[in-house]
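A quick write-up on the structure given underneath.
What follows draws every value from the coordinates through simple rules; no lab data is involved. Please read all numbers here as calculations on a predicted model, not as lab measurements. Cβ atoms come from the backbone with ideal geometry, glycine included; neighbour counts cover every protein chain shown.
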Amino acid sequence: MKNNNKYLKYYTKETEKIDKKLAQLLVKRQPDSLYAPCSYILQSGGKHLRAYLVLLSTKVVGGKFSQANNAALSVEILHNFTLVHDDIMDSAEKRRGRDTLHIKYDISTAILAGDSLIAIAYKNLLKDCIINTTQILNTFNESVIEICEGQSLDKDFEVRDDITIDEYKIMIYKKTSALIQMCCSIGGQLGNGTKAEIKALENYGKNLGLAFQLKDDLLDIIGDIKDFGKNVGGDLIEGKKTFLFLKALELATGEDKNELLKVMANKGIKKNQINKYKKIYEKLNILKITENEINKYTNLAIKSIKNLKDSEEKETLIWLATYLINRNK
């Protein structure tokens, strides 16, 4: 696509605005023991992909960014709420290259901060609900429920050794993709889009979310910690049954199969074993298979919005899908 730099500048400009708004959101709120941890997580950077998708989806159906600025903040706050609790449940020590909230403070503080963030997310969302209020709130609520279901499935999978790839995709849809789908949906609703336009945006978000999570799975084994912001190989260390692991288990035979079964039996691997398992993945062509799967869902996302009216925002959505599969963090 032409003008890649233009779209990237556009994305950067809008996400920098979101950064500034998040930084100012809780200034002077008391008690500091609650709002300092909340501010810490809101100011931890990130791509602000979800907030940007709300804005683009509003404008692509004929609305304006000004109709969705608060809603864009609300989904970013919601996303951070999920990360706080996810990190506690996973005992994660790093997020975006910084200490996770429960490591910097403590678990009780992190839980309370997360609880506050979801209420703040609703408060901001309501500021933009001038039309379609009930529908927008239902969409938002359904996403929160899906995220919790996805997190619960993820925890269930830790003690199951018979997970299928189809089950894994259902889990990542609920845990990751449903939120991205919701961002596109409420953007379309805030912009007063037609049912067909909103459905197209929802399908875009769903497939984009699946591609996004599969890319995260891939980056976990091929990424650089300086770019990725998390420990490379962390999924294997924790014994997570990602798409890569499940596909390798499906294709492996002999000693390779035995080594993969050991990961499940031992509930993970040691840090010094990461390269050994990366070589097994390479031998089985798992990295290429995963890239093909990412491309499949990216293409489905782009195809989903082909009937939307041509506009700068539609081109930006197409660019964004391609940009995300080529990212290194």
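Quick notes on this one:
- For segment 1-87, with +1 on Lys and Arg beta carbons and -1 on Asp and Glu, the positive-most of Leu53, Leu34, Leu8 along the dipole: Leu8
- Cα-based shape type of segment 288-328, given that a ≥ b ≥ c are square roots of the gyration tensor eigenvalues and the cut on a/c is 1.5: oblate
- From the C-alpha gyration tensor of segment 189-302, square roots of 5λ in Å: 33, 15, 12
- Extension gain, Asp161 to Asn307: 0.36 nm times the residue separation minus the Cα-Cα distance gives 48.3 nm.
- Greater than 20 Å apart at Cα, pairs in Lys13/Lys127; Lys155/Lys278; Lys20/Lys123; Lys21/Lys94; Lys257/Lys283: Lys13/Lys127; Lys155/Lys278; Lys21/Lys94
- With K and R counted +1 and D and E -1, the other residues having a Cβ less than 12 Å from that of Ser143 yield a net charge of 0.
- Computed magnitude of the charge dipole of segment 114-155 (debye, nearest 20; Cβ of K, R +1, Cβ of D, E -1): 200 debye
- Per residue, the average separation of C-alpha pairs within less than 8 Å and at least 6 apart gives segment 179-329 a relative contact order of 32 percent.
- Between Gln30 and Met89, the contour length at 0.36 nm per residue exceeds the Cα-Cα span by 18.5 nm.
- Taking the helices alone, the chain has a mean residue ellipticity at 222 nm of -23500 deg cm²/dmol, built from -39,500 (n - 2.57) per DSSP H run of at least 4 residues and averaged over all its residues.
- Between the listed residues Ile237, Ala178, Thr322, the Cα displaced farthest toward the positive end of the dipole of the chain, a dipole computed from Cβ unit charges relative to the Cα centre, is found at Thr322.
- Counting beta carbons within 10 Å around each of Ile130, Ile111 and listing the fewest first gives the order Ile130, Ile111.
- Among 18-27, 184-193, the order from most to least packed when residues are scored by Cβ within 10 Å on average: 184-193, 18-27
- The distance from the alpha carbon centre of segment 274-329 to that of segment 57-92 is 21 Å, rounded to a whole number.
- Likely footprinting exposure, Ser33, Ser177, fewest C-beta neighbours within 10 Å first: Ser33, Ser177
- Signed unit charges on C-beta, dipole axis of segment 4-325, positive-most listed residue Ile120, Leu300, Gly188: Gly188
- Around Ile120: net Lys/Arg minus Asp/Glu count, Cβ-Cβ under 13 Å: +2
- Relative contact order (%) - the chain, alpha-carbon pairs under 8 angstrom, separation at least six: 19 percent
- For the chain, the pair-distance distribution built from all alpha carbon pairs, in bins 20 Å wide starting at 0, is 31, 58, 11, 0 percent.
- Its Cα centre serving as origin, the chain has a Cβ charge dipole (Lys and Arg +1, Asp and Glu -1) of approximately 1040 debye.
- When +1 charges are put on Lys and Arg Cβ atoms and -1 charges on Asp and Glu Cβ atoms, the dipole computed for segment 1-147 relative to its Cα centre reaches about 940 debye.
- Net charge over other residues, Cβ less than 11 angstrom from the Cβ of Leu251 (K, R count +1; D, E count -1): +1
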